[in-house]
């Protein structure tokens, strides 16, 4: 039987590494490959393209919203702002892993002037929700 523990949306412990403070879930009873496959599925279902799919360094991207472009884009150019999510699966104990991610708004994607702006932790809810969906899908298997 697969057991699962999901990190809640409440206050985060300062004992967590910085890389896990944006959005994360703890998963027990799954291999890093199973977690990666479920994460890819969830991000694809949410409109992202998988750019890198190694469990130690997953990268997902999608074009930002009109609001993203208004707030962070180049108003005179036609290069849209993109959303980039960098995730990883980190062992945290015997048969237990943490799926974690950080999100960025990307200006001038693919150019020499590309710039990643970290998404504020105040806006982490959609990313946390996607990681929790990964956990739910793994529970059903």
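Over all directions, average the projected area of the Cα convex hull of the range 22-85 and note it in nm².
Working: hull surface 21.0 nm².
With every direction weighted equally, the projected area is 5.2 nm².
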Query - Per-selection Kirkwood Rh - the range 56-138 (Cα, Å, 1 d.p.) - result: 14.1 Å
Query raised in the report: Across every pair of different alpha-carbon atoms, what Kirkwood hydrodynamic radius in Å does the range 101-141 reach?
Result: 12.1 Å
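Only the coordinates and a few stated rules stand behind these numbers; no lab work does. Worth saying up front: this structure is predicted, and the values here are computed from it rather than measured.
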